[in-house]
Amino acid sequence: MIEGIFVEGLIYGIMVLGVFISFRILDFPDLTVDGSFPLGAAIMAQCILSGTSLSLALLLAFAGGVLAGVVTSLIHNHLKVPNLLAGILTMTMLYSVNIRVLGNRANVPLLNHDTVLTKVTELLSGIVPDDYILLVFFVLVAMAIKLLLDIFFRTDLGMTIGAMGNNEQMVISQGVNPMTLKSIGLGLSNGLVALSGAFAAQYLGFADVGLGQGIIISGLASVMIGEFLILKSNRIGVLTLCALLGSVCFYAVMYVGRYYGYVVNMTPNDLNLIKGVLIIILLVLTQGKKLKKSAVKTVVKND
Amino acid sequence: MIELKNISMIFGQGTVNENLAINGINLKVNEGDFITVIGSNGAGKSTLFNLIAGSITPTVGAISLNGADITRHPEYRRARFIGRIFQNPLLGTASNMSLEDNMMITRKKGFKWLKRSLNSRMREQFRGELVQLKMGLEERMKENLALFSGGQRQALTLLMMVLSRPELILLDEHTAALDPKNAQIVLELTDRFIREYGLTAMMITHNMHHAIEYGNRLLMMDKGEIIFEASGEEKRGLTVEKLIDKFHQIRHQSFENDRTLLADD
Ligand SMILES: Nc1ncnc2c1ncn2[C@@H]1O[C@H](COP(=O)(O)OP(=O)(O)O)[C@@H](O)[C@H]1O
Ligand SMILES: [Mg+2]
């Protein structure tokens, strides 16, 4: 079971990469995540129940997330709604959508069904020790996604999206519509979140509308831990690695809290409090760095 | 080239804050013009540029570019033809990216696709272009722009804008945030590039000497109107004193901030 500590971190790490894209690269605090995560889980569950091919199911889950992200960006871009509110709107609507996708149920169990994970276990058993199959699989999946993102953000399009998060005016001055870039970025971000939800449902053995509750906080905490762990860098490969490592650390801590928290009289219900406190501590710790950064900016301005 | 017909801009129309920032301006910018724009704070200079660049839409009037109406075109579409530099040197470049990445993004206007065009040949080309700035930046192509000074960033913004060959460039006090030495360097670069590349330019400045020294046309703005314009022989004969006298004659009042106008920076 010890590998379980890391498996969760890797599955949710795909979601953390998505949160990293919206919060850090796009500079767009996107709360759609709380809805797109269970959306991915719901689509995957429904596909599994209806016997759709598993790879198509993953693709559909991803596509569902992309759509959710694009909806948020359209609300934000065309109705001039602040980004937080746009995300909350989509998230709220997704709650109903997710119940629909699950067939008017709030929870769908997936036990005794073939999933990507059972397939992989069949395939790899004998090659990899049984206890480590899922760990190996998710290391490969998470790294593959990370590498694809690294490549994407080194292309002309990816770099322009990165520039927009830093300086929207510059992108406008280049004759590029920032709304289009936001749609692409939020679509990609939520696609990854939904994909993460699809894997989580299979790992947990059920899909539930409540699966995404507070997921954005976990994602943000992971991103911040990752940034805290490693020296500041502007290399995309380092940043995505940080996000993944942050996720692994965060979920390892949560895992320990869940299974061994009783030692210090902690119940699973205390975890949300712990997450919040963790973020506040990280904010305080990084505040110093931020101040230095803004000082640099003022110097440049007065130069 | 660019023509403004009877343009007015009212901010907060119908509210207590209603403000007529631009009042019935007509202006024709010809190809090859280098127009300097002066006027006291709040005269509407930046608003005029915002209207031309498309970051705001006029309440009344029409704007055309080479005969085509662009009054309602969004800023990003006009940016393909209109280059712009702001007072804040941070607005032209992305701090979190290296110099070469910034140059890649600004190399060509328009949407960017999924290819990776930064290669060694392009780096060579960038090096050659950076040499023109004589700032040694060609040796720092991998460095983050956050490490560069305001003057260096503004010079870079200028170079990158010029290389994309815009039909019109708008410079809004683009040297005002720099120290005197860097301001002079950037201003001279500006003048050189405008000549070398045969650009059409408009430049807002709070320095009357600069307004007189550079360009072939001069506009003086006040309260949302162009109250005085000089070009050719008349412009060459201008002095700061004559300009201030002109203002007294037209407005029957003293220039709001004679002090800044006479400043020698
Ligand atoms: N976005 C805006 N909203 C409301 N009022 C504005 C806006 N931009 C400029 N103004 C007003 O328009 C007038 C002209 O401003 P501006 O063009 O910035 O002057 P200048 O650049 O000549 O100093 C000022 O009274 C200013 O307060
Ligand atoms: Mg101004």
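The values are calculated or read from the model by the stated rules, or taken from the named source; none is laboratory data. Predicted model only: the values in this text are computed from it and were never measured. Using ideal geometry, Cβ is built from the backbone for each residue, glycine included, and neighbour counts are taken over all protein chains shown.
Filtering A:Leu134, A:Leu59, A:Leu89, A:Leu140 for residues that are buried (at least 19 other Cβ atoms within 10 Å of the Cβ), without any contact (Cβ under 8 Å) to a residue 40 or more places away in the chain and either part of a helix (DSSP H, G or I) or more than 18 Å from the chain's Cα centre (by Cα) (or both) leaves a single hit, A:Leu89. Within region B:1-46, the set of residues being within 13 Å of ligand 2 (Cβ to nearest atom) and touching a residue at least 60 places away in the same chain (Cβ under 8 Å) comprises B:Ala21, B:Ile22, B:Val37, B:Ile38, B:Gly39, B:Ser40, B:Asn41, B:Ala43, B:Gly44, B:Lys45, B:Ser46. Could you list all residues from region A:119-167 that are within 14 Å of another protein chain (Cβ to nearest Cβ) and farther than 30 Å from B:Thr157 by Cα? Hit for region A:119-167 is A:Leu148, nothing else. Just one of (1) more than 14 Å from chain B (Cβ to nearest Cβ); (2) free of Cβ contacts under 8 Å to residues at least 40 places away in the same chain fails for A:Gly210. It is (2). Just name the residue that is farthest from the other protein chains (Cβ to nearest Cβ) out of those in region B:91-106 that are without any contact (Cβ under 8 Å) to a residue 60 or more places away in the chain and small (Gly, Ala, Ser). So the residue we want is B:Ser98. Could you say whether any residue in region B:92-109 is closer than 30 Å to B:Ile7 by Cβ and in contact with a strand residue (DSSP E or B) (Cβ under 7 Å, 6 or more places away or on another chain)? Yes, region B:92-109 contains a residue that is closer than 30 Å to B:Ile7 by Cβ and in contact with a strand residue (DSSP E or B) (Cβ under 7 Å, 6 or more places away or on another chain).
Residue-level check: of (1) more than 14 Å from ligand 2 (Cβ to nearest atom); (2) touching a residue at least 24 places away in the same chain (Cβ under 8 Å); (3) within 14 Å of chain A (Cβ to nearest Cβ), B:Ile52 misses just (1). Counting only residues that are of a type outside the set (A, V, I, L, M) and away from ligand 1 (no atom under 13 Å from the Cβ), which one in region B:1-22 is farthest from the chain's Cα centre (by Cα)? Here the residue is B:Gly14. In this structure, does B:Ala62 turn out to be within 16 Å of ligand 2 (Cβ to nearest atom) and touching a strand residue (DSSP E or B) at 6+ places or on another chain (Cβ under 9 Å)? No, not satisfied.
When the helices (runs of 4 or more DSSP H) confined to region B:179-260 are screened for residues that are closer than 14 Å to B:Ile38 by Cα, those reaching at least 3 such residues are found at B:208-213, B:240-251.
Residues of region A:188-205 that are away from chain B (no Cβ under 14 Å) and more than 10 Å from the chain's Cα centre (by Cα): A:Ala198, A:Phe199, A:Ala200, A:Ala201, A:Gln202, A:Tyr203, A:Leu204, A:Gly205.
Residues are listed down the side, and each one gets a yes or a no for (1) surrounded by fewer than 17 Cβ atoms within 10 Å (Cβ to Cβ); (2) basic (Lys, Arg); (3) within 18 Å of A:Met170 (Cα to Cα); (4) within 12 Å of ligand 1 (Cβ to nearest atom):
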site	(1), (2), (3), (4)
B:Gly24	yes, no, no, no
B:Lys28	yes, yes, no, no
B:Gly32	yes, no, no, no
B:Lys45	no, yes, no, yes
B:Phe49	no, no, yes, yes
B:Phe81	no, no, yes, no
B:Ser95	no, no, yes, no
B:Ile105	no, no, yes, no
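Is it the case that A:Ser218 is at pLDDT 90 or above and not hydrophobic (A, V, I, L, M, F, W, C)? Here the answer is yes, as A:Ser218 does meet what is asked.
Among the numbered conditions (1) within 16 Å of ligand 2 (Cβ to nearest atom); (2) within 12 Å of chain A (Cβ to nearest Cβ); (3) aliphatic (A, V, I, L, M), the only one that B:Leu171 does not meet is (2). Looking at region B:117-134 only, could you name the residues that are within 14 Å of chain A (Cβ to nearest Cβ) and surrounded by 14 or more Cβ atoms within 10 Å (Cβ to Cβ)? B:Ser117, B:Leu118, B:Met122, listed by residue number. On the stretch given as region A:191-212, residues that are at negative phi and out of contact with any Phe, Trp or Tyr (no Cβ under 9 Å at 6 or more places or on another chain) total 7.
Residue by residue, here is whether (1) of a type in the set (A, V, I, L, M); (2) in contact (Cβ under 8 Å) with a residue 24 or more places away in the chain; (3) in the same structural domain as B:Arg77 (by TED's automatic domain parsing) holds:
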| position | (1), (2), (3) |
| --- | --- |
| B:Gly151 | no, yes, yes |
| B:Thr157 | no, yes, yes |
| B:Val162 | yes, yes, yes |
| B:Leu171 | yes, yes, yes |
| B:Glu188 | no, no, yes |
| B:Glu196 | no, no, yes |
| B:Ala201 | yes, yes, yes |
| B:His209 | no, yes, yes |
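Residue by residue, here is whether (1) under 16 Å from A:Met15 (Cβ atoms); (2) within 14 Å of chain B (Cβ to nearest Cβ); (3) modelled with pLDDT under 90 holds:
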| residue | (1), (2), (3) |
| --- | --- |
| A:Val223 | yes, no, no |
| A:Thr240 | yes, no, no |
| A:Val277 | no, no, yes |
| A:Leu282 | no, no, yes |
| A:Ser294 | no, yes, yes |
